[in-house]
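**Q** What follows is a structure written as structure tokens; I'll ask about it next.
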Amino acid sequence: MKQRLIPAAALAAVLAAGAAWAEEPIQPIEPVKEINLAKAELGKKLFFDPRLSKSGFISCNSCHNLSMGGSDNLKTSIGHNWQKGPINAPTVLNSSLSFVQFWDGRAETLKDQAGGPIANPGEMALTHALAEGILSSIPGYVTEFKQVFGDDKIDIDRVTDAIAEFEKTLVTPNSRFDKWLLGDANALTAQEQAGYKLFKESGCVSCHYGAAVGGSTFHKMGMVEEYKATSPAEGRKGVTGKDEDRFMFKVPNLRNVELTYPYFHDGEAATLAEAVEIMGRLQLGKKFTDEENAQVVAFLKSLTGEQPSFTLPILPPSSDKTPPPKPFED
């Protein structure tokens, strides 16, 4: 096979673009490269299947809606029996890029996280044992688990493994900002470029950096001024029990942030402009002018990437042995 040579000018342009963004605190999102397609397809069905909830009405997608930026646009999510959750649902998009999962980091991996809501009495309110029983009673799932894992055993370890594999596919590359990083000088407006410059110079990148523009560290909410939260959630303190960890939260990733309103762990900031104003004041001790605020907001909107594109799964039908869904009652 004849080797295809890249023209010297084109190669130089590619290398120059790579060298340019390598010096930036934010890197482009890369498309997913390694994925088990059969396992991810099974995980997609489980992600959308409300039979993993006690009521038979709530799925993973209920709070992490893939048509709404991977969140639900509520201050705090609504769970079983119409219970109001204690914290804002973080987006599932690009969650594979976060170093831990949940606001308080209590799950180290996507797989660990996937099992939490199923058994949480305030969310899907099932138990892992019941979830295993329900899925094992559905012939279509028995067949698919055997195809993916080699035998027909269905347990929560495999369930969460499959859901995590699907969630790994939910990356959003090719935002206009990524295109600009990769050398397209016309991908951003002057206002957006000014906003990025301000984002860096003001210190926002001390927390929001990397490909996900966040998700890499814990930081205290209210570094300069105290934050008066409306949520009972206390961040890492709930995990470690240490007073110094109160209001220490995982820094949220800012990819697709224009889609994931309202903002903060308690959902108290309704708009990006409000969030920028509060974060500048509480975290940086900076009062952005209206023009500066608009510039930063414009930059943040340029972080919206290509949304996951797929057909909704056809869920395996229940058998006569499958327990019927229960209404919203205990």
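The values are calculated or read from the model by the stated rules, or taken from the named source; none is laboratory data. Because the structure is predicted, anything quoted here is derived from the model rather than measured. Cβ placement follows ideal geometry from the backbone for every residue including glycine, while neighbour counts extend to all protein chains displayed.
**Q** Let me spell it out: the conditions are (1) charged (D, E, K, R); (2) within 25 Å of the chain's Cα centre (by Cα); (3) under 27 Å from residue 269 (Cα atoms), and residue 226 meets all of them except one. Which number is the exception?
**A** (2)
**Q** Still on this structure: Residues that are touching a residue at least 24 places away in the same chain (Cβ under 8 Å), in a loop (DSSP other than H, G, I, E, B) and in contact with a Ser or Thr (Cβ under 7 Å, 6 or more places away or on another chain): does region 196-203 have at least one?
**A** no
**Q** Which residue is farthest from residue 171 (Cα to Cα), if the candidates are limited to region 290-316 and must be at pLDDT below 95 and out of contact with any Asp or Glu (no Cβ under 8 Å at 6 or more places or on another chain)?
**A** Filtering region 290-316 for residues that are at pLDDT below 95 and out of contact with any Asp or Glu (no Cβ under 8 Å at 6 or more places or on another chain), the one farthest from residue 171 (Cα to Cα) comes out as 314.
**Q** Okay, next question. Determine the pairs where a residue that is in contact (Cβ under 8 Å) with a residue 12 or more places away in the chain, located within region 293-320, has a partner that is of a type in the set (Ser, Thr, Tyr) with Cβ atoms under 6 Å apart, the partner being 6 or more residues away or on another chain.
**A** Hits for this filter: 299/196; 303/175; 304/175; 305/172; 305/175; 306/172; 316/141; 319/137.
**Q** Tell me which residues, restricted to region 238-262, are out of contact with any Gly (no Cβ under 7 Å at 6 or more places or on another chain) and touching a residue at least 40 places away in the same chain (Cβ under 8 Å).
**A** 238, 257, 258, 261, 262
**Q** Take the residues of region 212-256 that are aliphatic (A, V, I, L, M) and in contact with a Lys or Arg (Cβ under 8 Å, 6 or more places away or on another chain): which is surrounded by the fewest Cβ atoms within 10 Å (Cβ to Cβ)?
**A** 224
**Q** Does region 161-172 contain at least one residue that is surrounded by 15 or more Cβ atoms within 10 Å (Cβ to Cβ), out of contact with any strand residue (DSSP E or B) (no Cβ under 8 Å at 6 or more places or on another chain), closer than 18 Å to residue 302 by Cα and modelled with pLDDT of 95 or more?
**A** So far as region 161-172 goes, yes, one or more of its residues are surrounded by 15 or more Cβ atoms within 10 Å (Cβ to Cβ), out of contact with any strand residue (DSSP E or B) (no Cβ under 8 Å at 6 or more places or on another chain), closer than 18 Å to residue 302 by Cα and modelled with pLDDT of 95 or more.
**Q** Do any residues in region 62-91 that are free of Cβ contacts under 8 Å to residues at least 24 places away in the same chain have Cβ atoms under 8 Å from those of residues that are among the hydroxyl-bearing types (Ser, Thr, Tyr) and in a strand (DSSP E or B), where the two are at least six apart or on different chains, and which pairs are they?
**A** Cβ pairs passing all conditions: 65/71.
**Q** Exactly one condition in (1) surrounded by fewer than 16 Cβ atoms within 10 Å (Cβ to Cβ); (2) at pLDDT 95 or above is false for residue 63; which is it?
**A** With respect to (1) surrounded by fewer than 16 Cβ atoms within 10 Å (Cβ to Cβ); (2) at pLDDT 95 or above, residue 63 is out only on (1).
**Q** Here's something else I'd like to know. Look through 244, 274, 258 and report the one residue that is part of a helix (DSSP H, G or I) and more than 22 Å from the chain's Cα centre (by Cα).
**A** 244
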